[in-house]
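Here the structure is laid out as structure tokens; the discussion comes afterwards.
Read the figures in this text as sums done on the coordinates, not as results from a lab. Nothing here was measured: the structure is a model prediction, and the numbers come from that model. Cβ coordinates were reconstructed from backbone atoms using ideal geometry, including for glycine residues, and neighbour counts include every protein chain displayed.
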Amino acid sequence: MIGLFRLVWGYIIYWFSSVGRHGLQSTFLYNLNEFVWRYDKKNLSQNRIEAYREACLKNKTVIDVKDFGAGVNGNIKKELSIASIAKNAAKPPKYARMLFRLMEYLKPENVIELGTSLGISSLYISSGNPKMKLTSLEGCDSTAEFSRKQFQQFPDLNIEVITGDFDTTLSELLKSKSKIDAIYIDGNHRYEPTLRYFNMCLPYMHDESFIIFDDINWSEEMKKAWQEIIKHPSVSISIDVFMMGIVFFNKGFSKQDFKIRY
Ligand SMILES: C[S@@+](CC[C@H](N)C(=O)[O-])C[C@H]1O[C@@H](n2cnc3c(N)ncnc32)[C@H](O)[C@@H]1O
């Protein structure tokens with residue numbers, strides 16, 4: 001109850017301290033804001049993803065899910081229906097559309113996602129740019145297997161799912177990369193791993209790269225992690241939209257932190 005009260009109070013503070021289109025002086029931010037947050041129209045290519053979400057929400061099949069909740073790192077298994085995973089873990093349409101438009105506008109090609117689950121956010125991210133190769137990491141074998149199969153219905157999208165704990169899969173994956181254009185971190189929302197993943201990915205960032213962190217206001221740990229991340233000297237611009245935060249690394253921008261109303 002206290003957690004919910006804190007979240008609502010945090011949202012009220014965010015709403016009054018965030019800016020609309022008139023608070024943004026830089027051309028980059030003004031245009032990004034117009035495209036991503038002010039133009040929240042549905043795109044036809046999203047209908048098939050929402051149809052997939054609907055099918056998942058009706059799917060009563062039960063699978064063995066490895067629980068990656070705080071501190072248990074996949075050591076506990078529980079039985080969950082696809083419907084309940086879709087209801088509780090998948091990004092809601094509003095924020096999924098935001099991911100799509102970020103990709104459509106910034107056009108990253110080499111993208112990593114931490115936390116595939118049923119693949120709803122993966123599909124939104126990937127369809128934002130037809131040239132993208134998305135590598136999505138997931139610790140739960142049965143969820144990963146389910147998503148991998150579903151992605152066959154989307155042959156135009158280039159999504160690879162790698163199974164295993166982020167602690168090993170992320171470092172293995174990074175060894176095969178020289179640079180990464182975008183990363184979406186939507187799993188293991190705790191202070192230490194969030195900062196660790198950020199620091200591991202930093203050497204692969206370039207002027208056009210960005211990292212999206214989910215649930216930055218979900219807990220005190222995540223708020224603390226976000227505050228440290230935006231203070232990092234390599235981060236130039238940070239954008240807080242309450243449910244998510246985005247950091248950019250362009251050395252040409254002067255350091256600024258924004259809260260954008262969405
Ligand atoms: C919130 S869900 C992802 C939802 C998905 N991005 C979407 O919006 O459709 C987080 C996922 O991350 C996975 N996860 C959490 N911690 C992990 C870890 N340490 N290693 C691997 N997977 C992990 C969970 O199994 C879960 O499926």
Rounded to the nearest 5, what % of the DSSP beta bridges within segment 147-262 are antiparallel ones?
-> 50 percent
Rounded if a/c is under 1.5, else prolate if a/b beats b/c, else oblate: with a ≥ b ≥ c from the C-alpha gyration tensor eigenvalues square-rooted, which is segment 1-132?
-> oblate
Classified through the alpha carbon gyration tensor (a ≥ b ≥ c as square roots of its eigenvalues; rounded if a/c is under 1.5, else prolate when a/b is larger than b/c, else oblate), the chain comes out rounded
Highest first, please rank the peptides 35-44, 58-67 by the mean number of other Cβ atoms sitting within 10 Å of their residues.
-> 58-67, 35-44
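Could you pull out the pairs from Lys107/Lys224; Lys91/Lys223; Lys91/Lys259 whose alpha carbons sit more than 25 Å apart here?
Working: Lys107/Lys224 30 Å; Lys91/Lys223 19 Å; Lys91/Lys259 20 Å.
Too far apart for the 25 Å limit: Lys107/Lys224.
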Per 10 Å bin from zero, what fraction in whole % of the C-alpha pairs of segment 59-197 is there, up to the bin with the longest pair?
-> 12, 43, 37, 8, 0
Which one of Cys56, Leu173, Phe258 has its Cα pushed farthest toward the positive end of the charge dipole of the chain, where Lys and Arg give +1 and Asp and Glu give -1 at the Cβ?
-> Phe258
By per-residue mean of other Cβ atoms within 10 Å, what is the highest-first order of 124-131, 76-83?
-> 124-131, 76-83
Could you size up the charge dipole of the chain around its Cα centre, putting +1 on the beta carbon of Lys and Arg and -1 on that of Asp and Glu, and report it in debye to the nearest 20?
-> 680 debye
May I ask which residue of Val36, Asn158, Ala144 lies farthest towards the positive end of the charge dipole of the chain, with charges of +1 (Lys, Arg) and -1 (Asp, Glu) on Cβ and the Cα centre as origin?
-> Val36
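If packing is taken as the average number of other Cβ atoms within 10 Å across a peptide's residues, how do 168-174, 9-15, 97-103, 195-201 rank, most packed first? Please list the in-between numbers first.
Values: 168-174: 15.3, 9-15: 12.6, 97-103: 23.4, 195-201: 17.1.
For the peptides 168-174, 9-15, 97-103, 195-201, the packing ranking is 97-103, 195-201, 168-174, 9-15.
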Could you pull out every one of the lysines with an alpha carbon less than 18 Å from that of Lys255, ignoring same-chain neighbours closer than 8 positions?
-> Lys231
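Evaluate the relative contact order of the chain (contact order divided by residue number), counting alpha-carbon pairs under 8 angstrom at least 6 apart; express in whole percent.
On the way: 445 pairs, mean separation 41.7, N = 262.
Answer for the chain is 16 percent.
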Under 12 Å from the Cα of Lys149, which aspartates and glutamates turn up, not counting those fewer than eight places away in the same chain?
-> Glu160
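Using the beta-carbon distance between Lys41 and Tyr11 and R0 = 22 Å, what value does 1/(1 + (r/R0)^6) give for FRET efficiency, to the nearest 0.05? Before the final figure, lay out the partial values.
On the way: r = 24 Å, r/R0 = 1.09.
Step by step, r from the Cβ atoms, then E = 0.40.
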16 Å Cα-Cα reach of Lys58 towards lysines, excluding residues that sit fewer than 8 places from it in its own chain | Lys87
